[in-house]
Each structure stands twice: as C-alpha cells, then as structure tokens.
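Peer 1: Next up is a structure, given as structure tokens.
The values are calculated or read from the model by the stated rules, or taken from the named source; none is laboratory data. The model shown is predicted, which means the values in this text are computed figures rather than measured ones. Using ideal geometry, Cβ is built from the backbone for each residue, glycine included, and neighbour counts are taken over all protein chains shown. Surface areas here come from the heavy atoms of the whole protein model, side chains and all, with no ligands, DNA or RNA. Shrake-Rupley method; radii C 1.70, N 1.55, O 1.52, S 1.80 Å.
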Amino acid sequence: MELLKPKFAPLEDFPVHFDNDDDDNKTLVWPAAFSYPEFLFSDFQQQLSEEVTMFDCLSSLFTEPLPQDKENLYFVDNLNVYYENHKLATVHKVQLDKTIKEIVKEKSFFIIGGALLFYVVPKDSQVEKEFVTQRRERTTIYS
C-alpha cells in the first residue's frame, strides 16, 4: 500500500480507491498530475475516474486559459499528452480518445509516486520537440 500512496503534496490525502462498493461495477479513482514542462507548473486532479478519456481530462483542465500561456497555445485541440516510462527512459504519446483505464493498462505505463503523471505540450511546437527528444535516464522500478 505504501507504493500507492501519492508522493505529490496536493495529492497525498487522495490515494487510489474504488468509487463504490458494487462488486459488479468497481471503478478505480486515481490521483493525477498534469505537468506543463514549458512552465515548470502542474495541475492536480485528486479524484480522476478511470472511465474518463484523456480528452475529457483536458477539457476539464482547460475551461479557462493557463495564466502562463501568453501565446495562447494551450487549448484542447492544440495539445498532445505524454507519459514517461522511467524503466526504458522513453516517452509515449497518449491517444486522447483512450480512457484512463486503457492508458494505465498499457505495458509501457508505470505508476510512480502513487499517482498518474502526464505531460501536456502544444502540438508540433518547439516545446514538444524538446520534450520528446530530451535525454532521459533509466530508473529502477520497484514492484
């Protein structure tokens, strides 16, 4: 259980859990961080249902523009989302129509620090190119 305890301060009181007690219809609810590498800033969703799509997540995050986004590049239809695989030192692009459940089930996805971590960048931007090509170090994953 200690491995599932969120390590991000805004999420530490919101560990992954089931949303109801119905044995036939249990849905996981995850703490999640959405990082904007360009701004060294993150948004946190304390209770993210595994049934929502990544597009739904972005839609809820961008009901208002990011204050840091002076060029107005951060809007739902102009974003790509990635996650890192620390074991292989790679990044993986998220298909926005996938649910959180489908993303978490991908073989390359690892949960580190007890929360889901995604990186949000403007499509086809210099920020995206730099993020995707930056050198990453492999990290040992404990399971």
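Peer 1: When Glu64 is evaluated against the numbered criteria (1) crowded, with 17+ Cβ neighbours inside 10 Å; (2) acidic (Asp, Glu); (3) farther than 25 Å from Val16 by Cα, which criterion, by number, is the only one it fails?
Peer 2: (1)
Peer 1: Of the numbered conditions (1) in contact with a strand residue (DSSP E or B) (Cβ under 7 Å, 6 or more places away or on another chain); (2) closer than 21 Å to Lys5 by Cβ, Tyr36 fails exactly one; give the number of that condition.
Peer 2: (2)
Peer 1: Would you mention how many residues in the range 83-111 are under 16 Å from Ser42 (Cα atoms) and open to solvent by 20 Å² or more (accessible area, probe 1.4 Å)?
Peer 2: Step one: list which residues in the range 83-111 are under 16 Å from Ser42 (Cα atoms), which gives 83-84.
Those left that are additionally open to solvent by 20 Å² or more (accessible area, probe 1.4 Å): 84.
The number of residues fulfilling the criteria is 1.
Peer 1: Of all residues in the range 61-93, how many are part of a loop (DSSP other than H, G, I, E, B) and of a type in the set (Asp, Glu)?
Peer 2: Just the residues of the range 61-93 that are part of a loop (DSSP other than H, G, I, E, B), to begin with: 62-75, 86-89.
From what's left, of a type in the set (Asp, Glu): 64, 69, 71.
Adding up the residues that qualify gives 3.
Peer 1: Within the range 14-26, does at least one residue satisfy the condition of being of a type in the set (Phe, Trp, Tyr), over 26 Å from Thr133 (Cα atoms), out of contact with any helix residue (DSSP H, G or I) (no Cβ under 9 Å at 6 or more places or on another chain) and open to solvent by 40 Å² or more (accessible area, probe 1.4 Å)?
Peer 2: Scanning the range 14-26 turns up at least one residue that is of a type in the set (Phe, Trp, Tyr), over 26 Å from Thr133 (Cα atoms), out of contact with any helix residue (DSSP H, G or I) (no Cβ under 9 Å at 6 or more places or on another chain) and open to solvent by 40 Å² or more (accessible area, probe 1.4 Å).
Peer 1: Could you tell me whether any residue of the range 16-29 is under 19 Å from Asp77 (Cα atoms) and among the hydroxyl-bearing types (Ser, Thr, Tyr)?
Peer 2: Taking every residue of the range 16-29 in turn, none turns out to be under 19 Å from Asp77 (Cα atoms) and among the hydroxyl-bearing types (Ser, Thr, Tyr).
Peer 1: Report yes if some residue within the range 125-134 is closer than 21 Å to Phe8 by Cβ, of a type in the set (A, V, I, L, M, F, W, C) and in a loop (DSSP other than H, G, I, E, B); otherwise report no.
Peer 2: Our first condition is that a residue be closer than 21 Å to Phe8 by Cβ; within the range 125-134, this holds for 131.
Now drop any that are not of a type in the set (A, V, I, L, M, F, W, C), which leaves 131.
Now drop any that are not in a loop (DSSP other than H, G, I, E, B), which leaves none.
Within the range 125-134, not a single residue is closer than 21 Å to Phe8 by Cβ, of a type in the set (A, V, I, L, M, F, W, C) and in a loop (DSSP other than H, G, I, E, B).
Peer 1: Residues Leu48, Leu58, Leu116, Leu96: which one is under 26 Å from Phe14 (Cα atoms), in a helix (DSSP H, G or I) and under 12 Å from the mean Cα position of the chain (by Cα)?
Peer 2: Numbers: Leu48 fails: in a helix (DSSP H, G or I); Leu116 fails: in a helix (DSSP H, G or I); Leu96 fails: in a helix (DSSP H, G or I).
Selected residue: Leu58, the only one of Leu48, Leu58, Leu116, Leu96 that is under 26 Å from Phe14 (Cα atoms), in a helix (DSSP H, G or I) and under 12 Å from the mean Cα position of the chain (by Cα).
Peer 1: Identify the residue in the range 57-91 that is in contact with a Lys or Arg (Cβ under 6 Å, 6 or more places away or on another chain) and modelled with pLDDT of 95 or more and, among all such residues, is farthest from Lys123 (Cα to Cα).
Peer 2: Checked the range 57-91; the qualifying residue farthest from Lys123 (Cα to Cα) is Tyr82.
Peer 1: List the residue pairs whose Cβ atoms are under 9 Å apart, where the first residue sits in the range 1-29 and is within 15 Å of Phe44 (Cα to Cα), the second is part of a loop (DSSP other than H, G, I, E, B) and at pLDDT below 85, and the two are 6 or more positions apart or on different chains.
Peer 2: Taking only residues 6 or more apart or on different chains, the pairs are Glu12/Lys5; Pro15/Met1; Pro15/Lys5.
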